[in-house]
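Only one structure is covered here, and it is reproduced in the block below.
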C-alpha cells in the first residue's frame, strides 16, 4: 500500500491482455493467485496459463464487450486453480483494443454470514423494514428506528395494522400481502410527518419478496426513501406546466387574473388575491413603478375555503396600500416580499387596515408572499399568496415558483389589455362610421343591430338606410374582408361612397359597378403585391312607397329574406353578382312588389354561418325565427325581432365573425297622397297647371304652402317645356311633413344651377327654387330625367 492508494492492489487478481492474446500487465494479486511473477508472464500468450485439458473462454459475440465465466488455470507449482473471472473490453486512445480480466482471491469473505454485511444493512441510510411470511415485523434498521415514534424492539412480532390504525399502514400491509403472493415488486408513495416536524414528507417505499435457498418464501423487505425534494420539484414543474396551459385562455383581463389565482390554490397557497393598477391614460399602462400610497383594483381572489371569507375587499373594489405594506413594497422594489405573521408588521398595519389585521388573526394566516406583476417593463399590479392551513412558511423555492407563474400571467394580462385597447379603438372607429340612428322615412320602418366578432375583433360589416328623392329609400348592407382598423377604415370609405352614389340616384346595378371600380382602385393603392388587397360584398336595394316596387342588386352578398304579411318567410332569388374588387364583370338587378307590412331582412354571413352549421342551415333557422308570430304583425317591434334573431342564431359566447342585421318593414303611400298631371308642351298652358296645383293643395289643406309650391311648379314646368322633350308629367307627393314636386320629361339633359349676371334675362329660376325649397335635384330614368324639389311643411299643417 502507498499513501496515494491506501487500498491493497493485491486484494484482487488483475491481468491485461491484448486482442492477440498476449499478456500486457500482471499485478501482485495475479501472482498471489497463480504464483507466476510478472516477469515470467508479461509479453507471453495468455493461453499458456490455462490448465492442461482446460478450455479457454469462448470468443465474445459480435458487439459484446464483457464476459463472465469459470476458468481452470495452471498454478506455477503445477496444480489447477479454478477461478471465477470477469473480463471486459476497453480501448486505448488510438491503439488496439485490450481486455481487463479480474478474479477475486480465494480468501474473499462469505457474504451470507459476514458481520460487515449485517452492519451495512443495519446502518444503511436507507430506512428498512423486514417482515416474515405472516406479515409480522421481523427487523428494523437504524435509519427506520429514527423515523418511528416507538422503540423498534417493542414492535417486533406485530403487524403494521397492530402498530397504527392510520390508513397508510393498512395500505402498506395490502401491498406486502400482494408482494408475498405474486412476487412482483411494488412501489408505494405516502405522505407522513417525521417525529418532531410540522410538515409532511414524501416517502417512496419499495417492497420486495424474500426467498430462501430452497425457494420458499420467507418474508418481505421494505426500503423507504425520502424523496420530498424530488416530489416538490415535480409538483413545481407540474404547476408551471399547468400555468402555461390554464392561464391566458382568453384575452380578458379579469378572467386571466382569476386563472392565475385558481392555478395557485391549493398547489402553492391557501388564498391568492390579484390586484391590478387601473389603465392610466386612454387605456395605456402607467409607466414605471408607482409611488406610495399605491391604488390597486381587486381583479380576482380564490381561497381554499368556499366563499373566500379571508378576503377584505370584493372584486372591482379600489384599495389604497400605504408605504410599508407588502403590496406597496413589492411594487416599489420590483421584487417578491415574504412576510411572516405574526410579526412586527401587524402592529404597523393596525393603523392602516384594522379589518385586514383581524382577518389575519381570525384565520391564522402565518405567511404571505407578495409578487409584482411585471411585463414588458410595465408594472401591472401585485399578486398576494397566503398560507394558513399549510403549516410551512414560504421558502426560497416557493418564491421562485411564484415569480415564474406570475411572470407568465403578467404577459397574458398585458396581452389582454393591449388587445382590449386595440379592440376598443377599432370598435369606436367602427361605431363612429356606422349610423347611430336610422333616419325616419315614410317608406320603411327599420331596425338594425351590429355585433363585433367575439374573438377575431371588429371587422368591416356595415348597413345603412338612405332617404332618396320621391319618398324613396335605399337600404344597403355590406361586408369588408378582414378584421381590425384597416377593415373598419375601408368600410367607412365604402359607406361614404355608397351614400355619394345614392345621392345622384343611380340604379342598384349601376351603383355596384361604380363601387366595384372604387374597390379595385383601393386594392391598387393598398399594394400591388397583393398583401393589401381589398375585398368586399354588398347588397343594395331601392324601395318606392308610391309604386311599392323594390329594386335590388348584390355583389357576392347573401340575398335577403322576405317575410310577407301572410305565409312563410323565404329567401329572395337575386342574380348573383361577383364580389366587389373583381372588376370588369356586370351586375344585374331584380324587382319585387312589396305589399304593405312586408319585412325584408338584410344581413351579413356572420349571422348565418358558424362552426356548428353551414350557411344553408343558418338561413333556414333565420327563416324559422322570422316566422314567429310575435314579429309578423304590423304593430310588432322590429327591435324585439332583431334581438330574437340574434339570440336564436348566435352562440352564447358570441359570433366568430362580425354580424350586421337590418330589418325593414315596407310602407305604402295611399293614392290619395299622390297627384299626377300630363303637361302639354305649351308655355301658355302653364297657368292652367298652376291652378290645378292650387286646387290640389287646397284639397290637402296645404293652402299655406300654395305660394311657394306655385312658384316652384311654375319654374320646373316652364324649364321642362323650354329645354326638355315631351311627354312631360307633373307629380305632387304629400307626406306628413314634406311636399314633393316632380317634373319628368324624356330629355336626358340635366339642369345646372348658376347665378345670373346683372343684365341676364334668365338663370335665376333654379336659384330661386333652391332658396325656397328644403332640397332639390335631378335623377335619370330609363325614359329620361326627373327634376324634383322638396318643401318642408310647417308643424300642424
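Hey, can you tell me all the residues within the stretch 639-658 that are at pLDDT 90 or above and surrounded by 20 or more Cβ atoms within 10 Å (Cβ to Cβ)?
641, 645
The rows are residues; the columns are (1) in contact with a strand residue (DSSP E or B) (Cβ under 9 Å, 6 or more places away or on another chain); (2) assigned to a helix (DSSP H, G or I); (3) surrounded by fewer than 19 Cβ atoms within 10 Å (Cβ to Cβ); (4) touching a residue at least 24 places away in the same chain (Cβ under 8 Å).
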position: 551; (1), (2), (3), (4): yes, no, yes, yes
position: 555; (1), (2), (3), (4): yes, no, no, yes
position: 613; (1), (2), (3), (4): no, no, yes, no
position: 616; (1), (2), (3), (4): no, yes, yes, no
position: 621; (1), (2), (3), (4): no, yes, yes, yes
position: 625; (1), (2), (3), (4): no, yes, no, yes
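When you check residue 705 against the structure, is it touching a strand residue (DSSP E or B) at 6+ places or on another chain (Cβ under 9 Å), crowded, with 20+ Cβ neighbours inside 10 Å and not in a loop (DSSP other than H, G, I, E, B), yes or no?
The answer is no for residue 705.
Quick check: is even one residue across the stretch 533-543 over 16 Å from residue 602 (Cα atoms), surrounded by fewer than 20 Cβ atoms within 10 Å (Cβ to Cβ) and in contact with a strand residue (DSSP E or B) (Cβ under 6 Å, 6 or more places away or on another chain)?
yes
Would you pick out the residues in the stretch 160-172 that are in contact with a strand residue (DSSP E or B) (Cβ under 9 Å, 6 or more places away or on another chain) and within 18 Å of residue 206 (Cα to Cα)?
Result: 160, 168, 171, 172.
Got a sec? Which of 585, 607 is in a loop (DSSP other than H, G, I, E, B) and at pLDDT below 95?
After applying the criteria, what remains is 585.
Does residue 600 satisfy the criteria of being under 14 Å from residue 565 (Cβ atoms), under 40 Å from the mean Cα position of the chain (by Cα) and either at pLDDT 90 or above or exposed (fewer than 12 other Cβ atoms within 10 Å of the Cβ) (or both)?
So residue 600 fits the description; yes.
What number of residues within the stretch 493-520 are over 21 Å from residue 550 (Cα atoms) and either in contact with a strand residue (DSSP E or B) (Cβ under 8 Å, 6 or more places away or on another chain) or crowded, with 18+ Cβ neighbours inside 10 Å (or both)?
The qualifying residues number 4.
When you go through 192, 230, 238, 134 one by one, which is the residue that is assigned to a loop (DSSP other than H, G, I, E, B) and either touching a strand residue (DSSP E or B) at 6+ places or on another chain (Cβ under 9 Å) or within 30 Å of residue 392 (Cα to Cα) (or both)?
Unique residue meeting the criteria: 134.
Which members of the stretch 125-135 meet the condition of being within 17 Å of residue 176 (Cα to Cα) and either modelled with pLDDT of 85 or more or touching a helix residue (DSSP H, G or I) at 6+ places or on another chain (Cβ under 9 Å) (or both)?
Selection gives 127, 128, 129, 130, 131, 132, 133, 135.
What is the residue count in the stretch 349-367 for residues that are farther than 30 Å from residue 378 by Cβ and either crowded, with 19+ Cβ neighbours inside 10 Å or at pLDDT 75 or above (or both)?
The total comes to 9.
Please work out which residue is modelled with the highest pLDDT, limiting yourself to the stretch 447-462 and to residues that are surrounded by fewer than 21 Cβ atoms within 10 Å (Cβ to Cβ) and out of contact with any helix residue (DSSP H, G or I) (no Cβ under 6 Å at 6 or more places or on another chain).
This residue is 450.
Please find, within the stretch 436-446, the residue that is farthest from the chain's Cα centre (by Cα) out of those that are free of Cβ contacts under 8 Å to residues at least 60 places away in the same chain and surrounded by 16 or more Cβ atoms within 10 Å (Cβ to Cβ).
441
Would you point out the residue of the stretch 368-381, among those that are assigned to a strand (DSSP E or B) and modelled with pLDDT under 90, that is farthest from residue 392 (Cα to Cα)?
Per the stated criteria, the residue is 378.
Checking residue 216 against (1) within 35 Å of the chain's Cα centre (by Cα); (2) over 24 Å from residue 400 (Cα atoms): exactly one of these is not met. Which one?
Status for residue 216: all satisfied but (1).
Could you check, for the stretch 760-768, whether at least one of its residues is surrounded by 14 or more Cβ atoms within 10 Å (Cβ to Cβ), in contact with a helix residue (DSSP H, G or I) (Cβ under 7 Å, 6 or more places away or on another chain) and at pLDDT 75 or above?
No, the conditions are met nowhere in the stretch 760-768.
Counting only residues that are closer than 13 Å to residue 87 by Cβ and modelled with pLDDT under 90, which one in the stretch 17-29 is surrounded by the most Cβ atoms within 10 Å (Cβ to Cβ)?
18
Looking only at residues that are out of contact with any strand residue (DSSP E or B) (no Cβ under 7 Å at 6 or more places or on another chain) and in contact (Cβ under 8 Å) with a residue 24 or more places away in the chain in the stretch 378-397, which one is surrounded by the most Cβ atoms within 10 Å (Cβ to Cβ)?
Top of the filtered list is 388.
Would you mind listing the strands (runs of 3 or more DSSP E) fully within the stretch 257-348 where at least 2 residues are at pLDDT 85 or above and surrounded by 19 or more Cβ atoms within 10 Å (Cβ to Cβ)?
271-276, 294-303, 337-340
For the stretch 722-738, indicate whether the set of residues that are in contact with a helix residue (DSSP H, G or I) (Cβ under 8 Å, 6 or more places away or on another chain), surrounded by 14 or more Cβ atoms within 10 Å (Cβ to Cβ), free of Cβ contacts under 8 Å to residues at least 40 places away in the same chain and more than 25 Å from residue 506 (Cα to Cα) is non-empty.
no
Is it the case that the stretch 414-433 has a residue that's closer than 30 Å to residue 598 by Cβ, modelled with pLDDT under 85 and surrounded by fewer than 22 Cβ atoms within 10 Å (Cβ to Cβ)?
yes
The values are calculated or read from the model by the stated rules, or taken from the named source; none is laboratory data. Owing to the predicted nature of the structure, the values given are computational and were not obtained by experimental measurement. Using ideal geometry, Cβ is built from the backbone for each residue, glycine included, and neighbour counts are taken over all protein chains shown.
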